[in-house]
Every structure is written in structure tokens, then in C-alpha cells.
Amino acid sequence: MCRSIRVLYNFEPPTTKEEIRAAAVQFVRKVSGLSKPSASDEAAFDSAVDDVAAATRKLLGALSAHTVVRTREHERDKARARWKARVERGAP
């Protein structure tokens, strides 16, 4: 599940609200240990996702990059290379 959380900072085109929300959902799932909350916990789960997404937007807006802007294609290629190296090592 941790591998599903992606870097969101310093991208061109900029990170979307949907990407931020997806990362927030993954974070809350990991912290809570729940992939899908029960009906009685759904409101708390959704509230936590909203709070994490808001904090993420605030963080991304406050940072100032001193590095090259990332592209999604380059990040995808790096992830594929890491996956290939794991497979060659026989790691899970």
C-alpha cells in the first residue's frame, strides 16, 4: 500500500486535486489499517481524508522548489526501473 503514495510536489503540469485526494485516501487507509471503512466509520474516514488533503494542499503551496521540475512520465520510468530491479533481485 505504501508504494501507492506518490510524490506530488514540483510537477509540470501541477498536481491536481484528484491526485492529492487519492494520496490522502492511501495515507488514511495505511494509518487506519482499513481499505474500506464500515458504515459507522465512514464519516470519520472521509473527514480524515479531507483533513489530510487540505494539509497536503497547504504544504505543496508553501514549498519553494530549488530543483528541476518533475514530469509524470519521468517518474513513471523511474518506478518501472525500480520494479525491474526488485524483480531481478527476487524481492517481493
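Calculated FRET efficiency, R80 to T16, Cβ-Cβ distance, R0 = 25 Å: about 0.70 to the nearest 0.05. Surface composition of segment 1-84: carbon and sulfur make up 58 percent of the accessible area, probe 1.4 Å. Partners of K17 within straight-line reach, counting lysines whose Cα lies under 27 Å from its Cα and excluding those fewer than 8 residues away in the same chain: K30, K36, K58, K78.
The separation of segment 12-41 from segment 58-79, counted between C-alpha centres, amounts to 19 Å. Kirkwood's formula applied to the C-alpha pairs of segment 41-92 gives a hydrodynamic radius of 14.5 angstrom.
Principal axis extents of the Cα atoms in segment 1-89, from largest to smallest and rounded to whole angstrom, are 42, 37, 16. Its Cα centre serving as origin, the chain has a Cβ charge dipole (Lys and Arg +1, Asp and Glu -1) of approximately 540 debye.
Heavy atoms of the protein chains alone define the surface here; on that basis the chain has 76 Å² accessible area per residue at 1.4 Å probe size.
The values are calculated or read from the model by the stated rules, or taken from the named source; none is laboratory data. Computed from a predicted structure; not experimentally measured. FYI the Cβ positions are ideal-geometry reconstructions off the backbone, even for glycines, and counts take in every protein chain you see. Each accessible area value is taken on the protein alone, full model and side chains, heavy atoms only, with ligands, DNA and RNA left out. Shrake-Rupley method; radii C 1.70, N 1.55, O 1.52, S 1.80 Å.
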